[in-house]
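The values are calculated or read from the model by the stated rules, or taken from the named source; none is laboratory data. Nothing here was measured: the structure is a model prediction, and the numbers come from that model. Backbone-built Cβ (ideal geometry, glycine too); neighbour counts: all protein chains shown.
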Amino acid sequence: MNNGIFSERQVRFLRKPRIGRLATLRRDGSPHIAPVWYRFEDGALLVLTGRGSVKHRNIVMRFGRFPHRNETLGRISTPAELEFLKQPGSSS
């Protein structure tokens with residue numbers, strides 16, 4: 001099934017169990033890159049991360065909240081959050 005974002009080839013790749021890499025920025029602007037397990041479900045990449053992890057803290061530090069939860073919580077996303085959420089691998 002092609003969801004319009006990923007090609008059929010990419011979908012086949014993403015459906016296989018693999019370890020991905022998620023990059024976030026630290027307070028000083030340097031990158032933090034961590035291996036992550038992900039699941040491809042309903043056309044979205046789901047990345048599980050612990051609340052206290054560096055990845056999670058970096059995202060919250062950048063936006064003051066975790067923008068991935070905006071829709072579920074009925075919050076309106078800022079333009080910066082929307083742009084961030086469009087980036088491949090941003091769904092954590």
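Key figures for this structure:
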{"read-out": "Scope the range 64-84; condition surrounded by 13 or more Cβ atoms within 10 Å (Cβ to Cβ) and either at pLDDT below 80 or out of contact with any helix residue (DSSP H, G or I) (no Cβ under 6 Å at 6 or more places or on another chain) (or both); matching residues", "value": "R65, F66, H68, N70, T78, F84"}
{"read-out": "Scope the range 45-65; condition within 21 Å of R27 (Cα to Cα) and in contact (Cβ under 8 Å) with a residue 24 or more places away in the chain; matching residues", "value": "T49, V54, K55, H56, N58, I59, M61, R62"}
{"read-out": "Every residue from the range 27-54 that is in a loop (DSSP other than H, G, I, E, B), on the phi < 0 side of the Ramachandran plot and either loosely packed, with under 13 Cβ neighbours inside 10 Å or of a type in the set (V, I, T) (or both)", "value": "R27, D28, S30, L48, T49, G50, R51, G52"}
{"read-out": "Top-ranked residue in the range 1-44 [being at pLDDT 85 or above and among the acidic types (D, E); ranked as farthest from K55 (Cα to Cα)]", "value": "E8"}
{"read-out": "Within the range 58-86, tally of residues that are of a type in the set (K, R) and assigned to a loop (DSSP other than H, G, I, E, B)", "value": "2"}
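So that you can scan it fast, the table gives a plain yes or no per residue for (1) touching a Lys or Arg at 6+ places or on another chain (Cβ under 8 Å); (2) more than 20 Å from F63 (Cα to Cα); (3) β-branched (V, I, T):
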position: P17; (1), (2), (3): no, yes, no
position: G20; (1), (2), (3): no, yes, no
position: A23; (1), (2), (3): no, no, no
position: D28; (1), (2), (3): no, no, no
position: P35; (1), (2), (3): yes, yes, no
position: Y38; (1), (2), (3): yes, yes, no
position: T49; (1), (2), (3): yes, no, yes
